[in-house]
Structure formats: C-alpha cells, structure tokens
Amino acid sequence: MCFALLKRSSIRHFTYFNLRNHRISSLSVIISSVCQSQTVEASFARSARHYFTSSSAVVTPKTLISVSSLAHHFSSLSSLESRKTSEGLSVDKILDQRWPILDESQSDWRSHAAAIALSIQVIKKRLKWPNLVLRAEHLSSEVTRSDIWENPDYAGKVSRDHGICMGKIKEVNGLEQELIEHVELLKLARDEGDSELELETMKALLRMRRNVKEKEIEALLSGEQDPCPCFIEVQAGAGGTESMDWAAMVMNMYKMWAQRRGFHTTVVDEMPGEIAGIKRATIKVDGDYAFGYAKAEVGVHRLVRISPFDSSKRRHTSFAAVAVIPILGDVSTHVVIKESDLRIERFRSGGAGGQSVNTTDSAVRIVHIPTGVTATCQNERSQHQNKAMAMQVLQSRLDQLEMARQAQLNSQLTQSLTDISWGNQIRTYVLHPYRMVKDLRTNYEVSDPDSVLEGDIDAFILSFLSASLDKKDNYLGNGTGSRPNFVPPLFLSCTGLGSMNQV
Amino acid sequence: MTLSVFRAIHTAVSPHSLIFRRSRASFCCSVNRPSSSSSAVSATPVSTVRIPLFLREATGTATISELHAWRKWAQTLVSSVGSKFEDADNGPGPELLCREIRWMLEDVVEANLDVVNRLSDETAFGKDGDVVRLRAGLDELYCLWEERIEKRRPFQYLVGCDHWRDLVVCVQEGVLIPRPETEMIVDMVEEVVSRDKRLAEGIWADLGTGSGALGIGIARILRNGGKVVATDISEVAISVASFNVNRYGLQDKIELRQGSWFEPLEDVKGKLSGLVSNPPYIPSMNIAGLQAEVGQHEPRLALDGGKDGLDYLLHLCENSALALESGGFFAFETNGGSQSKFIADVMTNRSNFSFRDVKIVADLSGIQRFVTGFRQ
Ligand SMILES: C[S@@+](CC[C@H](N)C(=O)[O-])C[C@H]1O[C@@H](n2cnc3c(N)ncnc32)[C@H](O)[C@@H]1O
C-alpha cells in the first residue's frame with residue numbers, strides 16, 4: 001500500500017505531467033494498475049476530473065476516463081475557447097440574442113437560457129476570469145517544474161493554489177457546457193415534437209437557473225483570505241454610555257448573525273462600559289467563509305435614536321467602529337514575531353497575588369513593542385489559554401498590518417484602499433424619527449431596523465460584495481477591484497469617532 | 001438582609017421551593033452522590049475525592065427557560081453585591097462573578113456551548129421549552145451559587161475544578177486551588193529541559209504538590225524516561241492529586257508520596273534533575289486579613305508559612321543542595337518582593353556556593369515571584 005502514502009496532489013501532478021506531454025495513451029493503464037484500493041482510484045478520479053473534465057465526463061473505476069475525452073477537455077481548457085455546439089452555439093451567442101429575461105415562473109426556455117448565460121457572465125466577471133486563467137497557466141507551469149519539490153512548502157502552496165484555480169475554471173466550463181447541452185436538447189425535442197423531453201429539459205433549465213444564481217453569490221467570495229475564520233472587533237465611539245450601548249448592540253448583531261449562518265463565536269476580549277454596553281470587544285468567528293462575509297462590515301456604523309439614557313429624551317447620534325481581521329490558515333505566510341519584542345503582562349490583577357489571592361480572572365495583555373500593537377484576552381479560563389488567544393489575536397493583527405503595508409507598496413491597490421478605509425461611515429441605523437437602515441456604500445436600505453439588529457444582515461453584505469466586485473470593469477481586471485482585505489487594524493489608532501447630541 | 005429577599009423571589013418562582021426550607025447550618029448541597037467514578041484506581045484512598053461537575057453524569061434536566069431564570073436570579077445576586085467584595089478585601093467584582101455564572105453553566109449543561117451562548121442572549125428567550133440535560137440538579141445550582149455569594153465559597157470549589165495552563169485540574173476543599181502565577185514554573189522548566197536533554201530524561205520532584213498541578217504540568221513536558229516524584233503531607237491533597245494524575249493517564253510518570261518535604265525522597269537523594277515547589281509562604285500574621293475565598297475556605301496548611309512566611313522556603317533552601325544532582329535545576333515560588341530577595345541571597349551566598357545562576361523571576365504582574373537556579 002505504498003501508494004496510499006502519496007499525496008493526492010502527486011497523483012494529480014503525475015496525471016497532469018503525462019497529459020501535457022501527450023503521453024496519454026498509457027495513462028489510465030498505469031493508474032489503474034498502480035492504484036490498489038477503491039479510495040485511491042476514487043481519489044485519482046476526483047483529481048482527474050478536477051483538472052480536465054467538465055461535469056459531463058464520466059469516470060468509472062477501472063477504465064477511469066476515456067483518453068480521447070480527456071484530451072479533448074484538456075485542450076479546450078488550456079486554450080480557453082468558449083464552449084460551442086456543432087452549430088456554433090455558445091454562451092456568448094446566447095447573450096448576444098438579448099432574449100428578454102422573464103420571471104422564473106414563466107416557462108420560456110429563452111428566458112431561462114438568457115438568465116443562466118447572464119449569471120455565468122457575472123460569475124466570470126467576479127472570478128476575474130482572464131486573470132484566473134493566466135494564473136492557472138502560470139501555476140500549471142510551476143507545478144510541472146522538475147525541481148519544484150525541492151522546496152516542499154512552496155510546492156505545497158503552488159499545488160494547492162493550482163488545484164483551487166483549476167477547480168474554479170472547471171466549474172465554470174462545466175456550467176457553460178451544461179447550458180449549451182440543455183439548449184441543444186431543447187431544440188432537438190422541439191424539432192422532433194418530443195413534448196416529454198421538452199418538459200424535462202425545461203425543468204432542468206429552471207433548476208440550473210436557480211443553481212447558477214447561487215453560484216453567483218459563491219463567486220463573490222473568491223478572495224484568497226475569504227475562506228478564513230476571523231476576528232470581529234467593535235469599538236464604541238467617544239460619547240460614553242450612549243455609544244457603548246450602541247457598540248454592544250452592534251456586537252450582538254454579529255453574534256446573532258453568526259448563529260444564523262451556523263458560525264461558531266467565542267468572545268476573546270470584552271471591556272464593559274461602566275453603566276451599560278461595551279467600550280470594545282473582540283469575538284472570534286469560526287466557519288466557512290467567515291472572513292469573506294464579515295469583511296463587508298468594516299467601517300463606522302452610525303445610530304440615530306432617542307437615547308434610553310437621556311432623561312430629557314433627546315435624539316442622539318452614536319458611532320461604533322468595526323474591524324475584521326482574517327486568521328490566516330497558512331502558517332508560512334505569518335509575520336515572524338520575535339519573543340524579545342513582546343511584553344506579556346497580566347492586567348487588572350491587584351494586591352499581593354500568588355497564594356494570597358483567589359481569582360478566576362487571568363486576563364493577559366501582549367504588547368508588540370516595535371509596532372505598539374497590543375492584544376488582550378480575558379475570557380479564557382486559564383492564564384495560559386488567555387495568553388495563547390491573545391497571541392493569536394496579535395499574530396493576526398500583525399499579519400494584517402503587513403498586508404496593508406504590502407498593499408500600499410503595490411500602487412494598484414491604492415484606489416481600493418481609500419474605498420474601504422476603516423474610518424469611513426458605512427451604514428446608518430435610524431430608530432427615530434423614522435425607522436430605516438441604509439448602507440451608504442450601496443444605498444441598499446430596509447425599513448425594519450429590529451430584524452437587522454437581530455442579525456439579518458446578509459442582504460447588506462451581499463449587496464456590498466457584489467457592488468464592490470461588479471462596480472468597476474474589472475473583467476479585464478488586474479487587481480484594481482475593491483478587495484477589502486487590506487484593512488489596517490482598527491485599534492492602532494482610532495480617532496474621530498464621537499457621539500453628539502442632536503437637540 | 002438583601003440576600004434573603006432574593007431567595008424569596010427565587011422561592012416564589014422556582015419549582016424547587018421546598019428544598020430551600022431546610023437549615024442552612026451545613027453546606028446545603030454537600031454532594032454525596034454515590035461516586036460514579038470507579039475509573040480512578042490507585043492505592044491511595046480515592047474515595048474521598050468529590051467528582052467535579054463537568055465530569056459527572058448528566059442525570060438532571062431543565063428547560064432552557066428554567067436555566068435562564070436561574071441565570072437571571074444568579075445575576076441579581078451579583079448586582080446586590082456590587083463592589084462590596086472588591087471594597088472589603090479585593091474580592092471578585094460583578095464582572096468576574098457574571099463570568100463565573102457562565103462558566104458554571106458550561107460545566108453543568110451537557111450540550112454544546114451554543115446552548116450556553118443562547119442562555120446569555122436576552123432576545124432569544126421567552127418561553128423556550130427545549131430541555132437540556134444537566135450534570136447537577138437545578139436545585140443544586142441554586143444552592144451552589146448561594147454559597148458563592150453568601151459564603152464566598154471559591155468558584156473552583158463549587159464546580160470542583162480549576163483550569164490551569166492547558167489542564168483542567170480537579171480540586172476540592174482541603175486542597176489549594178492552583179494559581180495562575182504558578183503556571184510560569186512549568187514554562188521555566190520547559191525552557192530548561194529544551195536546552196538540556198539530560199534534564200528532560202531525569203527525575204523531578206514537586207514538593208507540596210497539592211492538587212498535583214505542577215507535577216502533572218512538568219510530567220507532560222519531560223521526555224521518555226523522565227519522571228516526577230510529587231509529595232505532600234496532606235492526605236486529601238494526595239488523594240486529589242492521584243485522581244488528577246490518573247485522569248491524565250500519567251500513573252507511570254508521576255509517583256505520589258505522602259510525607260513531609262524531603263522525607264519521602266531518601267531513595268533519590270542527590271539524583272534529582274529538578275526540584276520545584278510552591279510551599280506555603282504567607283506570613284502567619286497576614287492569614288487573618290486574607291480575601292474571604294482564601295482565608296475562610298482554603299486549607300491553612302497550604303498557606304501559612306510561619307512568622308515571616310519563610311519557614312518552608314528556608315527548609316527547601318537548606319536541603320536542595322543534597323537533593324539535586326550536579327547541574328540540576330530548582331524553582332521556588334515566593335510571596336514576592338523582599339521574600340524572593342532573601343531566598344535568592346540565601347541560595348547565592350549562604351549555601352557554600354552550591355548553586356549557580358541564581359535568579360529572581362517576575363510573574364506577569366511584575367511581582368518578583370520566583371527564585372530559580374542550578375546546582376553547581
Ligand atoms: C501553596 S500549596 C501548593 C500546592 C500546589 N503545588 C500548587 O502550586 O497549587 C502548598 C502545599 O504544601 C503542602 N504542605 C504543607 N506542609 C507540608 C509539609 N510539611 N510537607 C509536604 N507538603 C506540605 C500543603 O498541603 C499544600 O498542598
């Protein structure tokens with residue numbers, strides 16, 4: 001069973017290498033004779049599909065893949081021609097027809113086809129298609145370099161990235177293929193007067209229409225760090241209890257949002273206000289694409305209401321600032337922190353300590369002396385764990401700082417940085433004199449603040465993500481699209497937040 | 001007194017009101033369930049060990065709204081205290097006490113943490129009839145929290161455990177609750193053994209092991225062949241330590257011996273690679289003024305270090321030279337300040353030059369907490 005020791009990616013490389021060099025004919029024989037178990041075969045089948053096939057390719061355990069279909073898919077992939085039918089039907093052609101898009105309930109195949117074609121176009125745009133293809137080609141040539149495994153870390157990263165890129169390309173090509181097949185089948189059915197087939201195909205088109213609509217949303221989260229877990233930090237603006245209460249409401253909104261999405265949250269750090277609310281708090285959010293979604297919340301959130309803390313019932317405006325920091329999974333991309341650059345201290349510990357004191361509090365603060373960046377944690381049950389968690393927060397903050405620095409070096413990103421600068425006000429919540437929540441970036445608004453404050457913020461997030469990705473013509477993009485990944489940590493400096501009375 | 005008012009409120013809303021009519025002379029909920037742990041096997045009398053909440057079987061149930069009511073009640077008790085404990089003796093403030101309420105739920109509710117999260121979420125309530133399984137009866141929960149507030153019984157004794165480093169150490173009355181400061185001794189040992197493999201494979205001693213925390217922490221970082229001998233004079237301490245040692249599966253790495261300081265160590269005299277101890281070091285005259293959780297609940301045997309608090313520390317100084325092998329490491333915890341200076345001075349200048357690299361190490365609060373060094 002020595003084969004089982006091989007990484008799946010190596011099987012992929014093997015396959016890929018052979019295909020590139022047109023040594024295809026013996027491939028399936030080799031693979032099937034070497035693979036000793038179902039799982040390895042299945043794994044190969046997966047990887048092979050991953051690379052070369054559209055969804056229509058069928059993989060059977062012994063013969064795996066018909067060589068000719070492999071070759072076909074391979075060539076169409078690398079040349080990136082759009083898929084065409086024998087009569088030259090393609091997704092672009094469908095778009096060119098400008099068939100009107102009607103409501104889903106109207107069973108008009110042209111409308112479905114046009115809607116699907118449009119979705120595919122949106123998906124490609126969001127994925128920055130030409131970029132993606134260039135990147136895939138670059139990575140492909142990297143993974144086939146004979147010396148690549150001399151640096152296993154690099155090789156691992158390249159092969160992982162390569163797999164991801166190819167997966168995306170494969171998926172979109174599969175969608176194009178599927179659309180064309182449906183359209184052809186439908187035409188065939190009509191020509192032959194096969195009403196049963198026509199009905200079936202209509203259903204399939206409608207299913208596909210819904211499916212691609214969801215894929216549009218998935219394509220919003222194609223940033224490198226989007227799949228990461230993250231920290232969400234909320235800080236009250238100046239203005240005392242009023243804004244501390246607001247900060248707590250905002251934090252609560254995120255906790256409930258996370259719960260709705262099935263994300264797991266842990267409070268890392270919380271500094272309560274004297275009378276109500278929080279001065280600031282940090283939570284950790286675990287779950288698929290936590291950062292991808294949450295990054296859309298970065299900025300200042302403004303509340304207008306009659307203050308429950310103001311006996312003369314005046315209208316108040318308060319602010320809370322939100323920062324979102326990805327927790328990078330790839331350790332090799334972490335900023336290296338020198339132990340000697342750290343000051344680690346216990347805070348809020350009073351008196352003699354040691355045996356004389358019994359406390360369940362073991363809050364820890366870590367200061368990174370060269371940058372002044374700090375992280376605190378007080379919600380874990382032991383000092384050791386508080387220290388570990390604070391360290392994790394510190395690491396993420398420093399990583400983010402470094403990313404921001406690099407982004408600034410890369411002038412192309414300057415534009416997007418100003419777009420999403422953390423100090424910008426992004427959303428207003430009005431509870432009085434009327435009721436409304438409005439996103440200032442997208443102008444998206446709803447009239448039910450309660451449900452928003454109970455965590456129903458997905459619509460805001462998605463509209464922002466799509467606006468920022470679809471706004472500029474980054475179809476030919478070179479990274480100038482807004483990718484709000486590079487956000488300086490909020491608590492490095494925080495000025496200009498206030499709370500004021502509007503009498 | 002305000003507390004009885006809250007009890008009255010609770011009594012009115014609780015379906016368990018009868019339970020609260022009994023005398024309060026004794027611990028109202030001393031847990032005498034038949035011990036369900038036959039797992040802890042050892043030559044020492046483990047039967048005296050009380051099973052901590054988080055390890056008990058979930059035999060009780062409650063609805064989410066009942067638990068929510070408990071939490072509300074517990075918080076009302078906390079607000080009635082306000083900063084009273086803080087002002088009186090630097091005891092816990094409301095924020096800490098509220099966190100303890102949450103942790104208590106974490107230990108007692110047999111379900112994932114999301115249930116506990118839901119409990120602290122005001123809006124998700126109403127009449128939540130979902131039933132969750134509990135490791136203690138609701139009535140017991142009420143009793144325990146009442147003890148926390150009225151008697152200042154330490155939280156760690158209520159739940160029967162203390163989170164220390166990456167360990168969950170079981171504790172009960174009669175055994176000192178391990179302190180966060182002491183965690184650092186393990187860090188220091190870790191550093192020393194990472195530099196000197198020989199020490200990592202040698203015999204280490206933890207004198208006055210109490211719950212066994214230090215011994216367990218050290219045993220887990222020693223390499224194969226490394227062993228810990230942990231001693232204590234207290235029978236309860238030895239039982240609890242043995243329970244903890246078993247729970248971490250370290251029976252083969254840690255040997256517990258009952259006896260006074262170096263007495264049980266005759267056979268390893270001069271062979272120790274390391275010696276750590278957190279002996280009682282509080283000056284006798286300070287005992288009366290201690291924070292209630294400590295002074296009224298933790299064993300004096302674990303705290304009182306004699307007139308200057310130095311009795312046992314000096315005893316350790318005097319005997320370390322004979323106990324340690326050449327190159328062996330020692331780390332002692334002290335009351336800080338002048339005590340550590342004094343002990344460092346003794347080890348440096350009044351020990352016939354038996355030690356080298358004697359250092360004072362501060363804890364994370366900046367208090368000169370530890371004295372460390374090596375046998376020449
Ligand atoms: C401050 S506690 C330390 C407990 C544990 N090592 C810790 O750090 O949590 C001191 C311990 O010394 C023990 N002790 C007191 N007198 C002793 C003696 N004469 N011989 C051995 N141990 C003793 C007490 O029982 C107590 O467990």
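Looking only at Cα atoms, what is the convex hull volume of the range A:228-387 per residue, in Å³?
Per residue, the Cα convex hull of the range A:228-387 comes to 151 Å³.
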Log entry: pair-distance distribution for the range A:151-245, C-alpha pairs binned every 5 Å from zero, whole % per bin is 2, 10, 12, 12, 10, 9, 9, 8, 7, 7, 5, 3, 2, 2, 1, 0
Test of understanding: what is the full-extension gain from B:T63 to B:E173, defined as 0.36 nm times their sequence separation minus their Cα-Cα distance?
36.5 nm
In whole Hz, with x marking every Gly and Pro, tabulate ³J(HN,Hα) for the range A:240-246 from phi via Karplus 6.51 cos²θ - 1.76 cosθ + 1.60, θ = phi - 60°.
x, 3, 3, 7, 5, 5, 5
Extension reserve of the A:R98-A:E192 stretch, reckoned as 0.36 nm per residue once the Cα distance is removed:
31.2 nm
Listed by chain and number, the residues whose amide H is under 5 Å from that of B:A205, excluding neighbours fewer than 5 places away on the same chain and using placed H, are B:V229, B:G274, B:L275, B:V276
What are the residues whose amide H is under 5 Å from the amide H of B:I254, where those residues sit 5 or more places off or on another chain and H is modelled from the backbone?
B:V228
What are the ³J(HN,Hα) couplings of the range A:119-133, residue after residue, when phi is run through the Karplus curve with 6.51, -1.76, 1.60 and θ = phi - 60°? Round to Hz, x for glycine and proline.
4, 4, 4, 4, 4, 5, 5, 5, 7, 6, 3, x, 4, 4, 5
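Based only on other Cβ atoms within 10 Å, what is the fewest-to-most ordering of A:H316, B:H297?
Exposure proxy ranking, most exposed first: B:H297, A:H316.
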I'd like the Karplus ³J(HN,Hα) series for the range B:76-90: coefficients 6.51, -1.76, 1.60, θ = phi - 60°, whole numbers in Hz, and an x wherever there's a Gly or Pro.
5, 4, 4, 5, 5, 7, x, 9, 4, 5, 4, 5, 5, 8, 6
Residue order, fewest to most surrounding Cβ atoms within 10 angstrom, among B:S277, A:S312, B:S83, B:S234:
A:S312, B:S83, B:S234, B:S277
Straight-distance crosslink candidates among lysines, where the alpha carbon sits under 25 Å from B:K341 and sequence neighbours closer than 8 are dropped
B:K307, B:K359
Separation between the A:R207 and A:T266 pseudo-spin-labels, each 7 Å from Cα along Cα→Cβ, expressed in nm?
4.2 nm
For peptide B:178-187, the mean count of other chain Cβ atoms within 10 Å per residue Cβ is 5
Among B:V229, B:V240, A:V324, rank each residue by its count of other Cβ atoms within 10 Å, from fewest to most, as a rough exposure measure.
B:V229, A:V324, B:V240
Rounded to the nearest Å, what's the spacing between the alpha carbon centres of the range B:293-360 and the range A:334-389? Just the number, please.
26 Å
When you look at the Cβ of every residue in A:357-368, what mean number of other chain Cβ atoms sits within 10 Å?
6
How many nm is it between the label spots at A:H138 and A:F309, if each spot is 7 Å from the Cα in line with the beta carbon?
5.0 nm
Beyond 24 Å between alpha-carbons counts as too far, so tell me which of A:K124/A:K295; A:K125/A:K295; A:K338/A:K387; A:K387/B:K72; B:K197/B:K271 fall in that bin.
A:K387/B:K72
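Values quoted throughout were computed directly from the atomic coordinates according to the rules given, and no laboratory measurement underlies them. From a predicted model like this one, the values you see are computed outputs, not experimental measurements. No Cβ is skipped: glycine too gets one built from the backbone with ideal geometry, and neighbour counts run over all protein chains shown.
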